[in-house]
Amino acid sequence: MPDIDECYMVVLRLVKEAGSVVREKINTPKDAMTKSCDVDLVTEWDQKVEKLLIDGISSKFPDHKFIGEEGSSLGNTVELTDAPTWIIDPIDGTMNFVHSLPHTCISIALVINKVTEIGVVYNPILEQFFTARRGQGAFLNGAPISISGEKELRKALVMMEMGTSRDPEKMKVVLENANNLTPQVHGIRALGSAALNMCMVALGGADVSFEFGIHAWDVAAGDIIVREAGGVCIDPAGGPFDLMSRRVLCASTMELAQELAAILIQYYPERD
Ligand code: IPD
């Protein structure tokens, strides 16, 4: 078992360094390349930030493994074993980053024996530094945060995303859920970053967030941050959260999570 304190210190330093890159580049013109479809983007900065994080962690912990968004899109295997594994989205909200919309972040989690020990989500543009360690609470810029406590869907502010897939079946489910939910909740919001949406639930600014089609790197850090802030993370059909299932629902309370799960139209993407 690695020294978690040391892992935490190392990742904080590297994420801050990565944040400087994102901050420096967000208002510059970028050449975006596409991945799974025309709106699934990657820039050279996603790749450089991922390399910065992996190189920095590997130099301290040579036996640690990685599941990274950009490595995976180049064909690296996505396999979660019991080994210490860092799950990395170098820029979550790449579309926002490309457009200079300031809701974009670095998201990184350390998972050991399939249990998440550390989660860090950093928006360097708005200076929002979310952190959590297992059993130690969740923090925004060093101050403790907690969920809203909301239990009722009719009073909930809901985070949901259109997502980056243009598969007609997936889009139909997303739009039907938005259509069904709108008259039943206080409101629907989307920041364009799954990790930041989840952090909004953690800090009590939103009550519930769900998405189909995300990847492990979009939600690994958000999951521990929400749970350490007092919330819950489940599968959108109501069962236990599965990091590799590409499905997530996190909420302020289990009552709210289950109320939403019961009415969502479900979508089951291919697993990570
Ligand atoms: C995406 C963002 C987006 C969500 C997509 C993700 P990326 O991550 O989190 O909000 O809707 O499902 O893939 O590609 O910007 O890292």
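Bear in mind these aren't lab numbers, they're just calculated from the coordinates by the rules spelled out. None of the values given here were measured: they were computed from a predicted structure. Every residue, glycine among them, receives a Cβ derived from its backbone with ideal geometry; neighbour counts consider all protein chains shown.
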TODO: Over the chain, consider all pairs of different Cα atoms and compute the Kirkwood hydrodynamic radius from their mean reciprocal separation; express it in Å, one decimal.
DONE: 18.3
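What's the exposure ranking of TRP217, TRP45, going from fewest to most Cβ atoms within 10 Å? Write out the running numbers ahead of the final one.
Numbers: TRP217 29, TRP45 22.
Fewest-to-most ranking of TRP217, TRP45: TRP45, TRP217.
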Task: Rough spin-label spacing in nm, given labels placed 7 Å along Cα→Cβ, for MET1 and HIS99 - done: 4.5
Task: Kyte-Doolittle mean at least 0.0 and Cα axial length at least 20 Å: DSSP H helices in the chain - done: 4-25
Open item on the list: Number of Lys pairs in the chain with C-alpha atoms less than 22 angstrom apart, excluding same-chain neighbours closer than eight positions?
Closed with: 21
TODO: Please report ILE225, ILE188 as a ranked list, fewest other C-beta atoms within 10 angstrom at the top and most at the bottom.
DONE: ILE188, ILE225
Task: Value of [θ]222 nm, deg cm²/dmol, for the chain, DSSP H segments ≥ 4, -39500 (n - 2.57) each, nearest 500 - done: -11000 deg cm²/dmol
TODO: Please give the FRET efficiency for ASP63 paired with ARG154, using the beta carbon to beta carbon distance and R0 = 45 Å, rounded to the nearest 0.05.
DONE: 0.35
